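A short worksheet on the structure shown next.
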């Protein structure tokens with residue numbers, strides 16, 4: 001069997017862009033195996049594969065092994081590890097809507113913690129100890145100081161079950177690494193992923209009303225939504241709106257490719273948390289302006305009250321990612337907006353109706 | 001169907017004493033339904049019921065409904081909720097060996113977190129929202145100040161996956177209560193349960209080498225072990241050995257009976273954490289002396305190095321338990337030792353060979 005990389009949640013937003021980044025690399029000789037329960041990914045009726053993976057296969061001319069399996073399905077996982085020579089796992093599969101997690105905490109803990117533990121058990125059963133984990137800057141809670149570096153305390157003042165589930169998983173992975181030196185875990189703490197593959201053929205396709213700023217803006221620009229809601233204009237920031245560290249999803253995907261290479265480094269082991277961000281924050285209104293420029297459209301917006309749990313400002317210290325992974329974000333805010341617009345305007349209704 | 005109380009892990013140490021306390025009360029008209037996967041409880045070959053429950057039935061003349069079911073077994077749980085009119089749940093079922101949890105973190109997180117979430121889902125499915133949870137003073141981590149009151153921070157500096165699993169469950173229960181006001185959760189943070197029912201017929205029966213002090217002392221006294229290991233004699237305490245807040249398991253069981261009554265209180269809702277301790281700490285050597293007096297035996301001991309993760313001193317602020325539950329520990333250190341000795345001397349090999 002050829003060596004393979006298992007990507008859980010590989011049909012989702014960051015997952016699919018990472019699959020694309022892995023397959024675009026000429027030096028990648030790994031097969032790609034994706035599992036996804038399709039909670040956040042579209043598959044057309046009668047098709048075996050979800051739409052993003054079909055498009056990636058078309059663009060790259062390479063085959064993706066796909067399994068419609070939930071990470072809580074122990075037997076399903078074990079079959080996949082038996083069918084493929086998995087070398088390492090990139091674990092994206094999770095529920096990810098902050099607001100929904102407040103309403104449905106049990107569902108989030110079951111999917112994100114119980115599911116993750118079941119995956120780890122399957123890995124251990126099959127002697128696979130190399131893991132890249134999809135974490136989030138929400139593990140830092142309310143920032144004590146900015147920029148946020150990886151030494152900042154985690155677990156304090158996290159505002160949602162979603163954020164807590166990511167924090168709990170990091171703690172579980174630390175315990176795992178303490179219990180057995182064979183484990184190598186790189187937990188990538190994403191700041192705010194936006195944008196789309198430069199082809200415009202894959203991108204973010206949230207179900208229902210978007211939770212995140214960029215798809216919200218994009219859906220207003222394309223006429224699918226009437227106006228943008230801006231949550232709070234009285235934060236202590238450049239223009240009163242919240243500031244975040246937006247990172248292009250292709251840069252983020254490249255970060256995963258770099259992370260995997262660390263597993264080859266002699267002596268590498270244990271748990272490592274690494275920020276993936278640009279180190280620069282932009283306000284909501286700065287994002288709106290940039291998107292108007294990229295799209296040539298006007299984005300009507302309405303300022304409403306703050307959203308519970310939102311913080312004023314957030315951006316990453318990116319020195320560790322450079323030092324450890326040899327990685328830096330290279331795409332600009334204009335790239336993020338132009339690529340989002342290319343995707344959204346070519347696929348106004350997302351994958352489903354395009 | 002008669003109203004019932006579901007006790008998970010009801011064949012274990014604290015669980016069985018709580019079942020006994022519930023059945024001993026003349027005013028208790030609830031049926032008792034126990035589920036237990038028998039990981040920490042003995043059942044004789046060919047018997048349906050575990051030995052502690054058989055003995056409780058003999059002593060009380062009352063019937064216990066028993067199910068050999070794991071809390072991760074969703075269908076098994078649902079059948080029990082369908083078979084009985086469960087009014088509230090006392091949730092003991094968990095893995096509990098601190099040292100083992102460091103070696104086997106995934107097993108602990110699966111049993112204690114995934115299992116607990118599955119139980120909560122079954123409760124919700126059947127409209128049961130009243131819960132007493134078996135928590136631990138380990139959630140406080142390294143104490144910032146003593147005595148430990150319920151306002152002390154939790155989650156910081158917890159030394160084991162076991163302790164983290166208890167902390168994570170508390171956070172999950174808080175999220176549950178925020179998501180739906182129907183939930184009523186009382187999380188009882190035990191200090192160090194010791195002793196046995198005054199009958200001497202049920203008691204603590206750890207598998208393998210005891211992790212906790214009192215069963216270790218008792219097994220040395222009865223000749224099953226050669227000598228006690230004392231971990232560290234250079235702590236800043238009265239005699240250099242670690243100080244803990246030991247509480248008689250019958251007092252602890254009574255605390256659960258009181259907790260259940262709170263559910264009848266008008267307006268009671270949400271998450272409440274309550275310490276169960278005596279408020280007084282005793283050192284290892286003080287415990288040895290007290291046990292020698294109660295048993296009339298000499299306890300040989302050897303002082304060895306500190307155990308990783310152990311703290312010097314730990315005892316509870318018990319004012320909230322008094323105020324909220326109307327409960328106080330009434331049994332003395334001499335009671336704890338006398339009752340332990342009665343159990344251990346009548347059952348030198350625990351339930352199995354007596």
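Just so you know, all these numbers are worked out from the coordinates, no wet-lab data involved. Remember, predicted model here, so these are calculated numbers, not experimental data. Note that we place each Cβ from the backbone using ideal geometry, even for glycine, and neighbour counts take in every protein chain shown.
Some observations on this one:
- Highest-fluctuation residue, A:13, A:301, A:133 considered, GNM on chain A with Cα pairs under 10 Å: A:301
- Degrees, to the nearest 10: B:249-262 long Cα axis against longest axis of chain B: 30
- Shape of the protein assembly as shown, Cα gyration tensor, a/c cut at 1.5: prolate
- Share, in percent, of DSSP beta bridges within the protein assembly as shown that are antiparallel, nearest 5: 5
- Between the helical axis of B:51-60 and the longest alpha-carbon principal axis of chain B there is an angle of about 80 degrees.
- Nm distances between copies for residue A:103, ranked from closest, using label points 7 Å along Cα→Cβ: 4.6
- Between helix A:333-346 and chain A: long-axis angle, C-alpha atoms, 0 to 90°, nearest 10: 80
- Mean-position separation - Cα centroids, segment B:96-128 and segment A:63-93, in angstrom: 24
- Between residue B:298 and residue A:323, the simple label model (points 7 Å from Cα in the Cβ direction) yields a spacing of 5.9 nm.
- Pairwise centroid distance, computed over Cα atoms, of segment A:215-291 with segment B:182-209, Å: 49
- Report note on the peptides B:30-38, A:247-255, A:59-67, B:217-225: ranked by the mean count of other C-beta atoms within 10 Å, highest first, their order is A:247-255, B:30-38, B:217-225, A:59-67.
- Taking the label point 7 Å along Cα→Cβ, residue A:300 and its counterparts in the other copies are spaced 8.9 nm apart, in ascending order.
- Axis-proximal residue, chain A, for the rotation superposing A on B (Cβ, Å): A:114, 2
- Percent antiparallel among DSSP beta bridges (both partners in segment B:3-346, rounded to 5): 5
- For residues of B:115-121, the mean tally of beta carbons on other chains within 10 Å: 3
- Separation of segment A:35-57 from segment B:129-145 is 44 Å, based on Cα centroids.
- Comparing B:292, B:100, B:47 in a Gaussian network model of chain B where C-alpha atoms under 10 Å apart are linked, the largest mean-square fluctuation is found at B:47.
- Computed from the alpha carbon atoms alone, the convex hull of segment A:3-346 holds 132 Å³ per residue.
- With the label put 7 angstrom out from Cα along the Cα-to-Cβ vector, residue B:45 ends up 6.1 nm from the copy partners, going from closest to farthest.
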